[in-house]
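Undergrad: Structure below; questions to follow.
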Amino acid sequence: MKITKQSLYDFVEKKVSGKQEDLTNEIDSYMELNIKTHLENELSGINHFAKKLTKLADELETTMENVNDYESWSRKSRVRDLRYVSKIKNDIIGEETHKIKQAILNNSNYSKYNADKLIDKAKKDLKEVVSKKENLFTLKRELDSTIKSSTTGKQAYDALIKLGIDMEDFEGAESQLPAIQKLSVDPCLVNGNCN
């Protein structure tokens with residue numbers, strides 16, 4: 001097995017990314033169960049507007065088609081605008097969920113949609129997960145530094161083992177053998193032994 005520094009960087013990146021993804025999924029699940037549900041309840045009053053806007057868009061589209069006047073781009077655009085506005089609840093929930101997630105990850109404030117207490121609870125519930133995400137970032141930086149400061153890939157590999165990194169899944173770099181080429185002219189011309 002050939003050990004290169006690049007293969008070690010790739011190995012560390014893959015391991016850390018996998019763990020980061022697991023933690024992100026855990027946070028996203030929490031957000032889905034707790035935060036999105038709260039926002040949907042807070043915005044439930046918008047539902048009747050959305051239904052009315054969708055119905056209006058359907059009626060306009062049908063009327064325009066019945067009088068053969070639906071080819072105009074501006075008319076189609078206005079109907080699309082109504083449909084777009086009717087989905088404002090989903091847009092708000094998506095945007096605010098992202099903002100709340102950032103507030104939780106950055107331990108900052110968020111004070112919209114009566115979510116103050118819910119955010120404080122989320123910060124407590126997710127404190128360990130957020131801490132692990134931050135620690136993984138620090139660990140990756142330190143492992144990359146260890147690899148960089150090593151003279152060879154083998155030395156970096158040994159250093160990672162000494163630091164307690166499980167290298168069982170490490171496969172190393174593939175040995176690249178030079179391609180065998182066929183010459184169209186006899187090499188004796190350069191060797192000087194042609195008869």
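Undergrad: Please count how many residues of the range 149-174 are surrounded by 11 or more Cβ atoms within 10 Å (Cβ to Cβ) and in a helix (DSSP H, G or I).
TA: Counting residues in the range 149-174 that are surrounded by 11 or more Cβ atoms within 10 Å (Cβ to Cβ) and in a helix (DSSP H, G or I) gives 9.
Undergrad: Could you tell me how many of the residues in the range 95-119 are in contact (Cβ under 8 Å) with a residue 60 or more places away in the chain and surrounded by fewer than 17 Cβ atoms within 10 Å (Cβ to Cβ)?
TA: Count: 2.
Undergrad: Please specify each residue of the range 152-164 satisfying the condition of being among the β-branched types (Val, Ile, Thr) and in contact (Cβ under 8 Å) with a residue 40 or more places away in the chain.
TA: Selection gives THR152 alone.
Undergrad: Of the residues ILE92, ILE88, only one is closer than 19 Å to THR54 by Cα, surrounded by 15 or more Cβ atoms within 10 Å (Cβ to Cβ) and not basic (Lys, Arg); which?
TA: ILE92
Undergrad: From GLU96, GLU13, GLU21, GLU40, grab the single residue that is more than 30 Å from GLU168 (Cβ to Cβ) and under 21 Å from the mean Cα position of the chain (by Cα).
TA: Just one listed residue meets the conditions, GLU96.
Undergrad: Does ASN47 satisfy the criteria of being over 30 Å from ILE165 (Cβ atoms), in contact (Cβ under 8 Å) with a residue 40 or more places away in the chain and surrounded by fewer than 16 Cβ atoms within 10 Å (Cβ to Cβ)? Quick ask: steps written out before the conclusion?
TA: Details: over 30 Å from ILE165 (Cβ atoms): yes; in contact (Cβ under 8 Å) with a residue 40 or more places away in the chain: yes; surrounded by fewer than 16 Cβ atoms within 10 Å (Cβ to Cβ): yes.
Yes.
Undergrad: Ok, one more. Determine which member of the set GLN102, GLN176, GLN181, GLN155 is within 30 Å of LYS15 (Cα to Cα) and modelled with pLDDT under 90.
TA: Just a single option satisfies the conditions, and that option is GLN176.
The values are calculated or read from the model by the stated rules, or taken from the named source; none is laboratory data. Since we're looking at a predicted model, the values are computed, not measured. Heads up, the Cβs are rebuilt from the backbone with ideal geometry, glycines too, and the neighbour counts pull from every protein chain shown.
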